[in-house]
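The values are calculated or read from the model by the stated rules, or taken from the named source; none is laboratory data. These numbers were taken from a predicted model, which means no experiment stands behind them. Glycine gets a Cβ as well: all are built from the backbone with ideal geometry, and neighbour counts include every protein chain shown.
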Amino acid sequence: MALAAVLRTFTRFRKLAVVTMPEHAILAVEMPAEPGEATIRQGGRQYVALEPAGPALAPIGKVSAHTAKYLGGLARDIEIWPLD
């Protein structure tokens, strides 16, 4: 993911993760979440979801209905890949 490479360069102090789910992947950044933002938790860390590619381009912390379904616990077919 190109956005992950850019963030690694300019925000070295932030932990990143790729979150995969059926037919989709998103990026997640360890940072404080604002109320209502989509988050992912793993290993004592909280990541805020980034949906950097279509079809649903969204602001930081906002995700498509497809992604929300997987992150919201209705389905647990996600994998979290920390980029350390």
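To keep it simple, each residue is scored yes or no on (1) at pLDDT 80 or above; (2) loosely packed, with under 13 Cβ neighbours inside 10 Å; (3) part of a strand (DSSP E or B).
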residue: ALA5; (1), (2), (3): no, yes, no
residue: THR9; (1), (2), (3): no, yes, no
residue: THR20; (1), (2), (3): yes, no, yes
residue: LEU27; (1), (2), (3): yes, no, yes
residue: PRO32; (1), (2), (3): yes, yes, no
residue: PRO35; (1), (2), (3): yes, yes, no
residue: ARG41; (1), (2), (3): yes, yes, yes
residue: ALA53; (1), (2), (3): no, no, no
residue: PRO59; (1), (2), (3): yes, yes, no
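The criterion of being farther than 12 Å from ILE80 by Cα and touching a residue at least 40 places away in the same chain (Cβ under 8 Å) holds for ARG8.
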